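What follows is one structure encoded as structure tokens, with my remarks underneath.
The values are calculated or read from the model by the stated rules, or taken from the named source; none is laboratory data. In this text, all values refer to a predicted model and were calculated from it rather than measured experimentally. Counting neighbours? That spans all protein chains shown, and the Cβs are built from the backbone with ideal geometry, glycine included. The area values use the complete protein model at the heavy-atom level, side chains included, leaving out ligands, DNA and RNA. Shrake-Rupley method; radii C 1.70, N 1.55, O 1.52, S 1.80 Å.
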Amino acid sequence: MAVEHGMNCFDWQNKCSDYLDGTMIGAPKKEADQHIERCAECTAFPEGASRMLSLWKRTQQYTGVGHHGT
């Protein structure tokens, strides 16, 4: 687990959904990019989270789970 000034592992794990869905911009994105370049643990995290998110979205399409009003 990388410890540094700027974004750390705890910050990354709490904010990675913004990074993955593209809503993280500016300085926070730059800090996230720098952190995951240096931290092997957090570098692997978005790959797994992205696959999980993709699977969840496909599941919603077929089951309607997670859609409000259905």
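Quick notes
- In region 6-28, the residues that are part of a loop (DSSP other than H, G, I, E, B) and either open to solvent by less than 70 Å² (accessible area, probe 1.4 Å) or touching a strand residue (DSSP E or B) at 6+ places or on another chain (Cβ under 7 Å) (or both): 6, 7, 8, 22, 24
- Here residue 34 meets the list (1) open to solvent by 60 Å² or more (accessible area, probe 1.4 Å); (2) at pLDDT below 90; (3) not aliphatic (A, V, I, L, M) almost entirely, failing just condition (2).
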